[in-house]
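The values are calculated or read from the model by the stated rules, or taken from the named source; none is laboratory data. What you see is a predicted model; the values in this text were computed from it and never measured. Neighbour counts run over all protein chains shown; Cβ positions are idealised from the backbone, glycine included. Ligands, DNA and RNA are stripped out before the accessible areas are found, and what is left, the full protein with its side chains, is counted by its heavy atoms. Shrake-Rupley method; radii C 1.70, N 1.55, O 1.52, S 1.80 Å.
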Amino acid sequence: MGTKTEDETETGMTTATAAGPDEQVTEQPGEPAAEDRVEPAEGPSGVGQGAAAVVSAALGVVSLTGSWLGTVAAARETLVGQLRTAADAGVATQVKEIYGDAWHTSALWGGLFALTALIVGAVVLVRPAFGAPGRTAQAPWIKSVAWAGVALGVVGLLLAVLKYTDVLLGLPATG
């Protein structure tokens with residue numbers, strides 16, 4: 001490598017000799033110097049996979065904590081149960097129609113969010129196997145977040161099934 005020299009020309013352009021006297025780089029005023037330029041990375045950056053992994057984890061958290069959509073659906077089911085139940089219906093019928101169906105609707109929406117988190121996380125984890133040959137490396141943080149999404153999805157799905165089947169916090173016995 002040769003020494004670096006710079007010459008200012010009459011037009012305001014700078015020429016730099018970095019590799020030798022025969023190789024010159026012309027730079028425009030206001031542009032970063034050649035050594036300061038950032039070259040774009042070759043190949044995919046993994047931004048899409050990272051975003052999908054974060055979405056998977058977020059959906060897993062939503063499946064555990066509840067969502068606006070699940071709350072609205074449960075409230076709607078409560079209203080429908082109130083409208084269907086006759087005033088002279090028994091206590092067991094009233095509890096099932098007003099509260100039980102809303103509980104199952106809430107469990108159903110939580111299960112849908114959990115299943116979506118599980119699927120998105122699994123797709124992120126298996127995506128490198130279907131990518132370009134020779135490019136199977138995936139950033140460790142993407143794998144970690146995707147695994148978190150899968151784990152939260154599994155837990156959320158398990159809890160949703162237990163809620164829906166009344167194994168977990170079933171309706172109280174009336175009678």
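Using the Cα centre of the stretch 66-152 as the reference point, and only Cβ charges (+1 on K/R, -1 on D/E), how large is the resulting charge dipole? Debye, rounded to the nearest 20.
520 debye
With r as the distance between the Cβ atoms of Ala86 and Leu158 and R0 = 30 Å, compute the FRET efficiency 1/(1 + (r/R0)^6) and round to 0.05.
Numbers: r = 37 Å, r/R0 = 1.22.
Step by step, r from the Cβ atoms, then E = 0.25.
For the stretch 56-175, with every protein chain kept in place, what is the accessible area per residue (1.4 Å probe, Å²)? Kindly include the intermediate steps, with their values, before the conclusion.
Numbers: 7240 Å² over 120 residues.
That works out to 60 Å² for each residue.
For the stretch 55-175, with the dipole built from +1 on Lys and Arg beta-carbon atoms and -1 on Asp and Glu ones, taken about the Cα centre, which of Ala58, Ala87, Tyr99 lies farthest toward the positive end?
Projecting each Cα onto the dipole axis, the largest value belongs to Ala58.
Given 0.36 nm per residue, what is the gain on full extension from Leu69 to Val123 after removing their alpha carbon distance, in nm?
17.0 nm
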